[in-house]
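Heads up: the structure comes next, in structure tokens.
The values are calculated or read from the model by the stated rules, or taken from the named source; none is laboratory data. As the structure is a computational prediction, the values presented were derived from the model and not from experiment. With ideal geometry, Cβ positions are generated from the backbone for all residues, glycine too; neighbour counts draw on all protein chains shown.
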Amino acid sequence: IKAFLLRHGYIYEGKSSWTIAYMKWLKNLDLQGLFKETLDEYLLQYDVLVDKIERFSLRLEELSHSERYEEPVAKLRCLKGIDTT
């Protein structure tokens, strides 16, 4: 999405991408024709992937509390930066 926009001269001036402000900026761009259709399709796919990541994350959290994985996951959580939440 970012490469598509850059290729067509649209540069986000905010601090960071993929924030609420960035998404609002994306949805308010004044694109026409195929450019708008393409961005809309990219944003639909982005939403699908975000939903999929959320589902996988929830499932991993569930599995981490199951009898089979609870102990190994607890050991891994002792390491800095490793957690399921």
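The table below gives the values:
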quantity	calculated
All positions within the range 12-58 that are of a type in the set (Gly, Ala, Ser) and under 30 Å from Asp83 (Cβ atoms)	Gly14, Ser16, Ser17, Ala21, Ser57
Cβ-Cβ under 7 Å pairs, at least 6 apart or on other chains, the range 23-36 side touching a residue at least 12 places away in the same chain (Cβ under 8 Å), far side hydroxyl-bearing (Ser, Thr, Tyr)	Trp25/Tyr12; Leu29/Tyr10
Selection within the range 1-36 - in a loop (DSSP other than H, G, I, E, B), farther than 18 Å from Asp47 by Cβ and within 21 Å of the chain's Cα centre (by Cα)	Tyr10, Ile11, Tyr12, Glu13, Gly14, Lys15, Ser16
Hits in the range 42-77 - residues which are polar (S, T, N, Q), assigned to a helix (DSSP H, G or I) and either within 21 Å of Ile1 (Cβ to Cβ) or free of Cβ contacts under 8 Å to residues at least 12 places away in the same chain (or both)	Gln45
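This table checks each residue for (1) touching a Cys at 6+ places or on another chain (Cβ under 9 Å); (2) surrounded by 12 or more Cβ atoms within 10 Å (Cβ to Cβ); (3) at pLDDT below 95; (4) not aromatic (Phe, Trp, Tyr).
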{"position": "Lys2", "(1), (2), (3), (4)": "no, yes, no, yes"}
{"position": "Ser16", "(1), (2), (3), (4)": "no, no, yes, yes"}
{"position": "Gly33", "(1), (2), (3), (4)": "no, no, no, yes"}
{"position": "Leu39", "(1), (2), (3), (4)": "no, yes, no, yes"}
{"position": "Gln45", "(1), (2), (3), (4)": "no, no, no, yes"}
{"position": "Val50", "(1), (2), (3), (4)": "no, no, no, yes"}
{"position": "Leu60", "(1), (2), (3), (4)": "no, yes, yes, yes"}
{"position": "Val73", "(1), (2), (3), (4)": "no, yes, yes, yes"}
{"position": "Thr85", "(1), (2), (3), (4)": "no, no, yes, yes"}
